[in-house]
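Report on the structure given below.
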Amino acid sequence: MSKINKGYSLNECPPVKETIIYSIQQIIVAVFNVIPVPLLIGAGIGLSQSEITILVAGCLLVTGIATILQTIGVGPIGSRLPIVLECSFVFVAPGIALGSKYGLNVYTGACLVGSIITLISWTLFHRTLTKMFKPYITGSVVMVLGISLCNTGISYCAGGSGAADFGDPINLLLATGTIVIMLILNRYGKGFLSKASALIAIVIMSAISALFGKLDLLSIANEKWFRIPEPLHFGIKFNLGPIVTISILCFIALVELMGDQASAAMLSEQRLPSVKESKGGIMAQGISSIISSMFNMVPTISGSANIGLCGITGVTSRYVVCLAGVVIAICSICPKLCAIFSIIPYPILGGVALTAFGTILVSGMNVIRNSELTNRETTIVGVSLAVGIGFSMVPDSLAAFPFWASSLLSGVPGTALTAIVLSLLLKENKTDNTQKGDEK
């Protein structure tokens, strides 16, 4: 199977000028994905604007450091795959719920302990846990992730959830124009035009959006030049209940990382990640989640949209993604620089994101297809997909359950847990092995 688009491979470093341009695409997507995390948590628990700014600074600093750690690595730490590690959206709802009830200091303590427990357990029992998460399970997780993210992509295309002009036809036209330009450049463009298709589409459509008054340049002027991230600004406190809840979510987040690592390796080199890459990636996420907790933020997770962008452009160089991490870290101390990336209208980013999420979905399908499914595995994949997708589509069906239970039954957690339970209950037998042999 050929690559989606011919570009720079995993360990290739493009010329400096091209590296800068390609990394800008990654920066734009990453910044848009992570900025809502501190904004939503801060607003949800009633923080002041200055306190929310502290959360934003910490979020960007951690995302930058974590991405560098994941792509370049330090010793055994880091997968060295083109993966952005960012503050996870999964922890926004728990952050608001637990932060409102116990205080942000208790939530910070829960994130710290949960990250430490998860890192230790996955590091010590990596081989055993990896055996549990077969490729067809991680492929299912990636596929559900792609499907669930399509909601976010469509929301962006419509103007962003809560926007006054949500659903405005102009927003949808801007998103459509972005997608069309990217597809034309990917299909007919050569060299730079193809690899920088996302950035070119963003620039062209942003200029067009200005004609409709949807490009706010004043926000750049209003931002400060410098701010300093403050560790443990809100203090830290430990409470067993929140710790248990966050620890479970941290564990599931690492299952999502395994799926994204499979997707990144598949897109960049048409293979599954090695044991060394898998373990290194898990260590990078665990360590960066601990750092994130110290900077008042949530645990980290792989940026699926950025992985999808690699698939769209064909630029899967980890050095390009690493540079994006460097710039995002700088944004944490320079709000004005961050504002430059943040003024891009949501519909335009939605066009890029929707295409990237579709690529993630297909990547998950490819991982499943390459697993040579038996009747047993087909059943496991089918039921787990149905549970994860079904509950995420009808969230009210879990309204009678406590928050932690409903969080674990829908979407990615629901798919992962169902697949794990079924793989343990439905033992593999000789018939399954024979069927695999016949297929080969």
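The values are calculated or read from the model by the stated rules, or taken from the named source; none is laboratory data. Quick caveat: nothing in here was measured; it's all calculated off a predicted structure. Positions of Cβ are generated from backbone atoms using ideal geometry, with glycine treated the same way; all protein chains shown enter the neighbour counts. Ligands, DNA and RNA are stripped out before the accessible areas are found, and what is left, the full protein with its side chains, is counted by its heavy atoms. Shrake-Rupley method; radii C 1.70, N 1.55, O 1.52, S 1.80 Å.
Data table
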{"item": "Positive minus negative residues near Leu215 (Lys, Arg vs Asp, Glu; Cβ under 15 Å)", "result": "-2"}
{"item": "MRE, 222 nm, helices only [DSSP H, n ≥ 4, -39500 (n - 2.57), over the chain, to nearest 500]", "result": "-23500 deg cm²/dmol"}
{"item": "Signed unit charges on C-beta, dipole axis of the chain, positive-most listed residue Ile301, Cys322, Ile24", "result": "Cys322"}
{"item": "Links that overshoot a 23 Å alpha carbon limit, given the list Lys134/Lys427; Lys131/Lys279; Lys17/Lys190; Lys101/Lys237; Lys131/Lys276; Lys17/Lys224", "result": "Lys17/Lys224"}
{"item": "Loop sites in segment 203-276: trypsin sites (Lys or Arg not before Pro), DSSP, at most 16 other Cβ within 10 Å", "result": "Lys224, Lys237, Arg271"}
{"item": "In segment 126-221, the chymotrypsin sites (Phe, Trp or Tyr not before Pro) that fall in loop regions by DSSP, at most 11 other Cβ within 10 Å", "result": "none"}
{"item": "Accessible surface, the chain, averaged per residue in Å² (probe 1.4 Å)", "result": "41 Å²"}
{"item": "Proximal charge balance of Gly159 [Cβ under 14 Å; K/R count +1, D/E count -1]", "result": "-2"}
{"item": "Accessible surface of segment 50-126 [probe 1.4 Å, protein heavy atoms]: carbon and sulfur percent", "result": "76 percent"}
{"item": "Accessible carbon and sulfur surface of segment 270-321 relative to its total accessible area, %, 1.4 Å", "result": "70 percent"}
{"item": "Assigned charges on the beta-carbon of Lys, Arg, Asp, Glu; the chain dipole about Cα centre (debye)", "result": "820 debye"}
